[in-house]
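Data block below; observations after.
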Amino acid sequence: MGIDRAAVFLDRDGVINRADVRDGSPHPPAGVDGLELLPGVRDALVRLDAAGFDLVVVTNQPDVARGTQTRATVEAMHAALGRMLPMIGAFRVCYHEDADACSCRKPAPGLLVGAAAERGIDLHRSYMVGDRWRDVEAGRRAGCVTVLIDREYREPLTAVPDARVASLPEAADWILEDRRRRTPAGS
């Protein structure tokens, strides 16, 4: 497979579905019953898909390593999201926590780099959309343009995104406009 596709990599909780925010920090839903798509997500993904982007969810799920969530539950949530949002091409998950020092846990770029190799994605023409500094840093390290959905969590933003927006629909607008700006006339 040639490397010619552009992708939009998407964090899951706080970007696609509502995160459970406690004490200013986001947490994933406990299971499929807690999945709630954020407003405008479906339309935003339809527009990005129609523009030719490969849509890939890249998510840290360290609660599996911590024993407070099961891998089966995470996979059931992804199956449900896949049914709700069939334009998503792939789900890539890191089940580790920071102490595991893996190459896939964001801010490391492993999830993006692995998906790019597997799916023929050009990382330098791609975008990473997330709601935390880890997402921005992973995208930056992978060579992507980064977009932060600013949920005003109580954590420092240690990586500077290329754009800061309030929702996935706004991120889609920005990405589509940015790509128009970057695409040479006549190509």
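The values are calculated or read from the model by the stated rules, or taken from the named source; none is laboratory data. None of these values were measured; they are calculated from a predicted model. Glycine also receives a Cβ, built like all others from the backbone with ideal geometry; neighbour counts cover every protein chain displayed.
Summary of computed values
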| quantity | calculated |
| --- | --- |
| Of residues in the stretch 10-27 being among the hydrophobic types (A, V, I, L, M, F, W, C) and closer than 24 Å to Ser126 by Cα, the one surrounded by the most Cβ atoms within 10 Å (Cβ to Cβ) | Leu10 |
| Subset of the stretch 8-34 that is assigned to a strand (DSSP E or B) and among the acidic types (Asp, Glu) - its residue that is nearest to Gly110 (Cα to Cα) | Asp13 |
| Residue match in the stretch 110-132 (condition: more than 23 Å from Asp49 (Cβ to Cβ) and either aliphatic (A, V, I, L, M) or modelled with pLDDT under 95 (or both)) | no |
| Hey, Tyr153 at pLDDT below 95, of a type in the set (Phe, Trp, Tyr) and over 18 Å from Val41 (Cα atoms) or not | yes |
| Flag if Thr183 is more than 24 Å from Arg22 (Cα to Cα) and β-branched (Val, Ile, Thr) | yes |
| Criterion: within 26 Å of Cys102 (Cβ to Cβ), surrounded by fewer than 15 Cβ atoms within 10 Å (Cβ to Cβ) and at pLDDT 95 or above - qualifying residue of Ala7, Ala50, Ala30, Ala76 | Ala76 |
| Helices (runs of 4 or more DSSP H) wholly inside the stretch 105-187 that include at least 1 residues being in contact with a strand residue (DSSP E or B) (Cβ under 7 Å, 6 or more places away or on another chain) and among the β-branched types (Val, Ile, Thr) | 133-142, 168-182 |
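Here's the yes/no breakdown for (1) of a type in the set (A, V, I, L, M, F, W, C); (2) without any contact (Cβ under 8 Å) to a residue 40 or more places away in the chain; (3) touching an Asp or Glu at 6+ places or on another chain (Cβ under 9 Å); (4) farther than 23 Å from Glu118 by Cβ:
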site: Arg18; (1), (2), (3), (4): no, yes, yes, yes
site: Pro29; (1), (2), (3), (4): no, no, yes, yes
site: Ala44; (1), (2), (3), (4): yes, no, yes, yes
site: Thr68; (1), (2), (3), (4): no, yes, no, yes
